[in-house]
Amino acid sequence: QKSTEDEYSDYTDAFYNAQFQEMGKSDRLQRATNDEGEELNLVQLDYQRPIASDHKLETGWRSTIRDIGNDYLIEQFDGNQWYTLDDLSNKFVYDETIHALYLMMSGKFNKVSYQAGIRSEYTDVKTQLIQTGVTNPRDYLNWFPSAALSYEWAINNKYN
């Protein structure tokens with residue numbers, strides 16, 4: 001899945017007093033361009049297997065890869081031509097990869113139902129500011145255990 005968005009803005013300065021009356025305008029004229037793009041790729045595989053009559057084993061894998069680019073440019077007009085304001089312009093790149101695995105067991109013993117499982121996620125994220133050369137890589141592994149029990153009460157004990 002891909003998406004893009006382009007934004008264009010023009011800026012002029014005006015000065016106001018405390019009563020919001022205009023006191024004058026600046027000759028400075030600036031414009032901004034912001035080009036954004038995102039690409040998202042997803043792959044998923046799930047598997048279920050019955051174990052005995054009232055029990056089930058589930059497992060699966062999911063990978064998500066997301067790349068975002070944001071190219072921000074500020075320009076100022078000097079009376080003859082537009083020139084780039086390098087201190088305010090930059091290209092930001094965000095790359096994220098998440099791999100997840102899960103294993104879950106569920107079933108029923110008489111009136112008691114259970115579900116227990118674990119999910120693991122490995123995340124790798126890298127951000128970059130291209131013009132200034134600043135990068136920030138991060139990666140981490142997280143575990144998410146889960147468990148649930150339920151009991152089936154007799155129908156006479158239900159409340160509405």
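The values are calculated or read from the model by the stated rules, or taken from the named source; none is laboratory data. Note that the coordinates shown come from a computational prediction; the quantities given were computed from them, not determined experimentally. All Cβ positions, even for glycine, are placed from backbone atoms using ideal geometry, and neighbour counts span all protein chains on display. Surface areas here come from the heavy atoms of the whole protein model, side chains and all, with no ligands, DNA or RNA. Shrake-Rupley method; radii C 1.70, N 1.55, O 1.52, S 1.80 Å.
Tell me the residue from Ala116, Ala52, Ala100 that is under 30 Å from Glu152 (Cα atoms) and either acidic (Asp, Glu) or surrounded by 14 or more Cβ atoms within 10 Å (Cβ to Cβ) (or both), please. Break it down into steps so the answer makes sense when it comes.
Numbers: Ala52 fails: either acidic (Asp, Glu) or surrounded by 14 or more Cβ atoms within 10 Å (Cβ to Cβ) (or both); Ala100 fails: under 30 Å from Glu152 (Cα atoms).
Residue meeting the stated conditions: Ala116.
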Of (1) open to solvent by less than 90 Å² (accessible area, probe 1.4 Å); (2) on the phi > 0 side of the Ramachandran plot, Asn110 satisfies all except one. Which? (1)
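When the residues of segment 56-79 are narrowed to those that are under 25 Å from the mean Cα position of the chain (by Cα) and within 17 Å of Asp35 (Cβ to Cβ), which ends up least open to solvent (accessible area, probe 1.4 Å)? Explain how you work it out, then say what you get.
Looking only at segment 56-79, we keep the residues that are under 25 Å from the mean Cα position of the chain (by Cα), and these are 59-73.
Then drop every residue that is not within 17 Å of Asp35 (Cβ to Cβ), which leaves 67-73.
Working: Asp67: 58, Ile68: 45, Gly69: 21, Asn70: 41, Asp71: 62, Tyr72: 84, Leu73: 56 Å².
Step by step, filter segment 56-79, then rank; the result is Gly69.
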Name every residue in segment 1-17 that is farther than 24 Å from Ile74 by Cβ and either open to solvent by 90 Å² or more (accessible area, probe 1.4 Å) or in a strand (DSSP E or B) (or both), in order of residue number. Gln1, Lys2
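Taking segment 41-69 as the region of interest, how many residues are in contact with a Pro (Cβ under 9 Å, 6 or more places away or on another chain) and either among the charged types (D, E, K, R) or within 13 Å of Leu101 (Cβ to Cβ) (or both)?
Initially, segment 41-69 is screened for residues in contact with a Pro (Cβ under 9 Å, 6 or more places away or on another chain), giving 56-57.
When the remaining residues are screened for being either among the charged types (D, E, K, R) or within 13 Å of Leu101 (Cβ to Cβ) (or both), the result is 56.
The total comes to 1.
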Does segment 22-45 include one or more residues that are modelled with pLDDT of 85 or more, loosely packed, with under 14 Cβ neighbours inside 10 Å and assigned to a loop (DSSP other than H, G, I, E, B)? no
Please work out which one of (1) of a type in the set (A, V, I, L, M, F, W, C); (2) surrounded by 10 or more Cβ atoms within 10 Å (Cβ to Cβ); (3) without any contact (Cβ under 8 Å) to a residue 24 or more places away in the chain; (4) more than 30 Å from Glu39 (Cβ to Cβ) is the condition Leu88 fails and give its number. (4)
From Trp143, Trp82, which residue is in contact with a strand residue (DSSP E or B) (Cβ under 7 Å, 6 or more places away or on another chain), at pLDDT 90 or above and open to solvent by less than 80 Å² (accessible area, probe 1.4 Å)? Trp82
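Condition (residue is more than 16 Å from the chain's Cα centre (by Cα) and more than 28 Å from Gln81 (Cβ to Cβ)) applied to segment 26-42: is it met by at least one residue?
Quick first cut of segment 26-42, residues more than 16 Å from the chain's Cα centre (by Cα) only: 26-35.
Now narrow it down to the ones that are more than 28 Å from Gln81 (Cβ to Cβ): none.
Within segment 26-42, not a single residue is more than 16 Å from the chain's Cα centre (by Cα) and more than 28 Å from Gln81 (Cβ to Cβ).
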